[in-house]
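The values are calculated or read from the model by the stated rules, or taken from the named source; none is laboratory data. Please read these numbers as outputs of a predicted model, since none were measured by experiment. Cβ atoms come from the backbone with ideal geometry, glycine included; neighbour counts cover every protein chain shown. To get the accessible areas, we keep the full protein, side chains included, count just its heavy atoms, and leave off ligands, DNA and RNA. Shrake-Rupley method; radii C 1.70, N 1.55, O 1.52, S 1.80 Å.
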Amino acid sequence: MFRLAAFDMDGTLLLPDHTLGENTLATLRQLAEKPVKLTFATGRHYLEMKDILANIGLDGFLITGNGTRIHDLAGHRLHASDLTEDCAHELLHTQWDTPASLHVFRDDGWFTSLDDPDLLIPHQFSGFRYQLQDLRLLPDSGNSKVCFCAPHETLLALVPQLKAHFGPRLDLCFSAADCLDVQPAGSNKGSALALLTAGLGIEMSECMAFGDAMNDKEMLESVGMGLIMGNALPVLKEQSPHLQIIGHCRNQAVSHFLQHWLHTPHLTYSPEY
């Protein structure tokens with residue numbers, strides 16, 4: 001019996017328009033009654049996720065900023081990790097050879113110097129938005145993660161620059177094809193989930209998790225049942241070929257799988273595409 005279910009949001013739990021489907025919401029409520037502890041593990045900001053859960057009337061543990069923050073059901077912060085001050089300073093004060101836009105997550109919000117309404121499309125569901133700021137004026141401390149946003153090929157060209165500059169001092173991962181996240185070394189959804197479950201007295205083998213991108217890889221690999229979305233990044237499927245692939249987020253595949261698990265677990269699961 002699984003005691004905890006962890007869900008990525010974009011490309012996994014949410015529809016392609018970044019809203020939550022009715023079937024998914026109903027299934028999450030059924031799951032919570034089992035009872036299975038719900039955990040939402042996302043690259044999104046804690047402030048945004050807190051409001052989303054309040055608006056849909058669900059309780060859940062929150063792993064946000066790709067594992068840099070953990071909050072309990074009452075909103076108490078259980079864990080925080082930030083970029084070291086030297087890494088944050090270098091990230092924000094170096095002129096990188098890229099047209100990608102730069103974004104910073106801090107406890108008080110999402111900061112960028114680029115006023116681009118298209119960046120807000122994934123956040124229409126919540127109303128969360130960036131704060132315009134000269135990023136060089138931000139403090140070197142208190143920065144949980146930095147994101148570069150651009151087409152995938154542009155970001156792929158940026159990766160060698162960042163790796164050459166920082167080496168093992170920080171971690172890089174694609175939270176989406178057009179979003180490259182730069183995080184504290186060792187900070188990811190998998191390590192955060194391990195911290196959370198240890199505090200809850202739950203083994204990682206008693207957890208299931210769902211995801212679609214490389215920022216989900218550590219989490220999916222470390223739980224008792226890791227499930228990859230049919231619409232996942234190809235590199236995730238290639239690097240985790242032993243994990244089961246379910247359907248597409250447009251068909252609310254997480255709900256489809258969980259209905260099977262809740263009601264007919266003795267039957268072989270057939271993904272719905």
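Counting only residues that are assigned to a loop (DSSP other than H, G, I, E, B) and of a type in the set (F, W, Y), which one in segment 115-152 is nearest to L180 (Cα to Cα)? Checked segment 115-152; the qualifying residue nearest to L180 (Cα to Cα) is Y130. Figure legend. Inter-residue proximity from segment 65-76: first residues farther than 25 Å from V182 by Cα, second residues open to solvent by less than 30 Å² (accessible area, probe 1.4 Å), beta-carbon distance below 8 Å, spacing 6+ or different chains. Indicated pairs: L73/G60; L73/F61. Among residues of segment 113-152 being open to solvent by 70 Å² or more (accessible area, probe 1.4 Å) and under 21 Å from the mean Cα position of the chain (by Cα), the one that is farthest from H18 (Cα to Cα) is Q131. Annotation: F40 fulfils all but one of (1) open to solvent by less than 20 Å² (accessible area, probe 1.4 Å); (2) of a type in the set (F, W, Y); (3) part of a loop (DSSP other than H, G, I, E, B); the unmet one is (3). With respect to being of a type in the set (D, E), open to solvent by 30 Å² or more (accessible area, probe 1.4 Å), touching a helix residue (DSSP H, G or I) at 6+ places or on another chain (Cβ under 7 Å) and not in a helix (DSSP H, G or I), D97 fits the description. Checked against the criteria, A80 does not count as open to solvent by 20 Å² or more (accessible area, probe 1.4 Å), over 20 Å from L135 (Cβ atoms), over 20 Å from the mean Cα position of the chain (by Cα) and in contact (Cβ under 8 Å) with a residue 24 or more places away in the chain. Counting only helices (runs of 4 or more DSSP H) that fall entirely inside segment 205-273 and contain at least 3 residues that are buried (at least 18 other Cβ atoms within 10 Å of the Cβ) and either over 18 Å from the mean Cα position of the chain (by Cα) or modelled with pLDDT of 95 or more (or both), the qualifying elements are 217-222, 253-263.
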